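J.: One structure, pasted below without further comment.
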Amino acid sequence: MDLSAFYGVVAAVNFTLLGLWWVTTKDRADLADPGSALHRAAYLVSLQFVVPGTVALLSQVAPDVPALWRSSFTFAGLVGALAVALLVPALRDATGRRAAGRVLLCAVPVYLAVAAVAAIPPLGAAIRGDLTNLQVEALLLCALVFLGVQAAWMVATAPARRD
């Protein structure tokens, strides 16, 4: 099954959301203050769009060369999980919302699943049913896009810091 159109759309959606997010951060000085929790939370939101967008692009380079997409998805899954684990506390501090913890509880396992399905092909076969590993990855990327939008909403609606 050819997933190039799907991954092309995912890449375009993520990079569009990233561009819109950058406009948001530009218009809010408190999000651009390098020492603040809001700045770290804003960076987390950026990563939530950069990581899925980048692997979506890479998956189109040579979908029939599994080593290429598998290595990029594995790396992206591990980087994404680490980034979420390190930056969600900033999201919680910046927004004061307990929902930030739910982003951590949901996003880290999804990122780790992205890495695991790519790195361990039999694992994907065991959980996928009639889906290919790239289709399982596509479903996981959809979940990451959803979680990224939730994180963006939390940061964008956090009260501006008054100095």
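The values are calculated or read from the model by the stated rules, or taken from the named source; none is laboratory data. Computed from a predicted structure; not experimentally measured. Neighbour counts are summed over all protein chains in view; Cβ atoms, including those assigned to glycine, are modelled from backbone coordinates with ideal geometry. Side chains are part of the model used for accessible areas, which takes the heavy atoms of the whole protein and leaves out ligands, DNA and RNA. Shrake-Rupley method; radii C 1.70, N 1.55, O 1.52, S 1.80 Å.
J.: For helix 37-61, report the angle its Cα long axis makes with the longest principal axis of the Cα atoms of the chain; keep it between 0 and 90° and round to the nearest 10°.
T.: 20 degrees
J.: Also: Calculate how steeply helix 133-156 sits against the longest principal axis of the alpha-carbon atoms of the chain, using the helix alpha-carbon long axis, and give the answer as 0 to 90 degrees to the nearest 10.
T.: Tilt relative to the chain: about 0 degrees.
J.: Here is a further query. Work through the residues other than residue 44 whose Cβ is under 13 Å from its Cβ and net out their charges, Lys, Arg +1 and Asp, Glu -1.
T.: On the way: positive: 40, 92; negative: 93.
Cβ neighbours under 13 Å give a net charge of +1.
J.: Only four residue types carry charge here, +1 at the Cβ of Lys and Arg and -1 at the Cβ of Asp and Glu. Report the dipole size of the chain about the Cα centre in Debye, rounded to the nearest 20.
T.: Using only the charged Cβ atoms, the result is roughly 500 debye.
J.: Further question: For the pair residue 24 and residue 85, how long in nm is the line joining their label points, each one 7 Å along Cα→Cβ?
T.: 2.6 nm
J.: Right, here's the next one. Only loop residues by DSSP count here, and only those with at most 14 other Cβ atoms within 10 Å; note down the trypsin sites (Lys or Arg not before Pro) in segment 62-137 that meet that.
T.: Within segment 62-137, the qualifying trypsin sites (Lys or Arg not before Pro) (loop, at most 14 other Cβ atoms within 10 Å) are 98.
J.: Averaged per residue, what accessible surface does the chain expose to a 1.4 Å probe, in Å²?
T.: Numbers: 8130 Å² over 163 residues.
Normalised by residue count, the accessible surface of the chain is 50 Å².
J.: Follow-up question, since we're still on this one. At 37 °C and 0.692 mPa s, what whole-number value in µm²/s does Stokes-Einstein give for the translational diffusion of segment 1-91, with Rh from the Kirkwood sum over Cα pairs?
T.: 233 µm²/s
J.: Given [x] 16.2, 56; [y] 15.3, 46; [z] 21.0, 63, which label gives Rg and Dmax of the Cα atoms in Å as computed from the coordinates?
T.: It is the one labelled [x].
J.: Once the dipole of the chain is set up with Lys and Arg at +1 and Asp and Glu at -1 on Cβ about the Cα centre, which of 155, 11, 48 lies farthest towards its positive end?
T.: The residue sitting most towards the positive pole is 155.
J.: Now for a different question. Taking all protein chains in place and a 1.4 Å probe, what share, in percent, of the accessible surface of segment 35-98 do carbon and sulfur account for? List each step's numbers first, then the result.
T.: Working: 1940 of 2830 Å².
In segment 35-98, the share of accessible area belonging to carbon and sulfur is 69 percent.
J.: Could you work out [θ]222 nm for the chain from helices alone, using -39500 (n - 2.57) per DSSP H run of at least four and dividing by all its residues? Round to the nearest 500 deg cm²/dmol.
T.: Mean residue ellipticity, 222 nm, calculated: -28500 deg cm²/dmol.
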